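Every read-out reported here was derived from the displayed coordinates using simple, explicitly stated rules and does not represent laboratory data. Just so it is clear, the structure is predicted and the values come from calculations on it, not from any experiment. Every residue, glycine as well, gets a Cβ built from its backbone with ideal geometry; the counts of neighbours run over all protein chains shown.
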Amino acid sequence: MAAEAEVLDELRRLRARVPQLTGALAASVDGLVLAHDTPGVEPEGVAALTAASLGVAVRMTDATAQGDFRELLVRGVYGYVATYAAGRSAVVTLLAQDRVNVGRLHLEGRRASTRIGELVDSAAARAEAAPPPPAEPPRTLPAKPPVRTPAKPATARARTARTPADAPHPTANARTKED
């Protein structure tokens, strides 16, 4: 992804603005890691769980007629997991300590997710607008030499000698023969 470095920079700036963040991750809605700054946490696992929780959150907002998904906040004993929509095809997941100011977390998380969404969406638009790479000529198998079956050996045809005109016909009946 062309915007990966820019997305990673945005995640690092976010962590600098909110010191209680312990990790930040941008992922596709399908659960693929786009960029991460998550020391001590497996980013692929968090991205996959984010996609699963996003699916549930989207269904919840649809079922309750609350509109499009915007954010999800989960609070555990040791801290928070906040997930924000980021454009059309990405999400941002933030991990924060329990002592984080939740208002500040939302403020900064929303700003960062908006910026990351713009980066990801513009990279996707550029990729779609780029001309496709030149097509390779179709591969063809080397021409096989024609299969030639050996000519059938000519069989000698047996010829019978011609009989003189006055000779009796070989199919003549013996009773009709005059002696």
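Observations, loosely collected:
- Computed from the C-alpha gyration tensor, the three semi-axes of the ellipsoid equivalent to the range 4-128 are 20, 19, 13 Å, from longest to shortest.
- Gyration tensor verdict on the range 1-61 (Cα atoms; rounded if a/c is under 1.5, prolate if a/b is larger than b/c, oblate otherwise): prolate
- Modelled label positions at Leu107 and Val56, each set 7 Å beyond Cα in the direction of Cβ, lie 3.0 nm from each other.
- Taking Cα centre as origin and charging only the Cβ of basic (Lys, Arg, +1) and acidic (Asp, Glu, -1) residues, the dipole magnitude of the range 4-128 rounds to 520 debye.
- Taking every alpha-carbon pair under 8 Å whose residues sit at least 6 apart, the range 4-128 reaches a relative contact order of 26 percent.
- Each peptide in 49-62, 6-19, 111-124 was scored by the mean count of other Cβ atoms within 10 Å over its residues; highest first, the order is 111-124, 6-19, 49-62.
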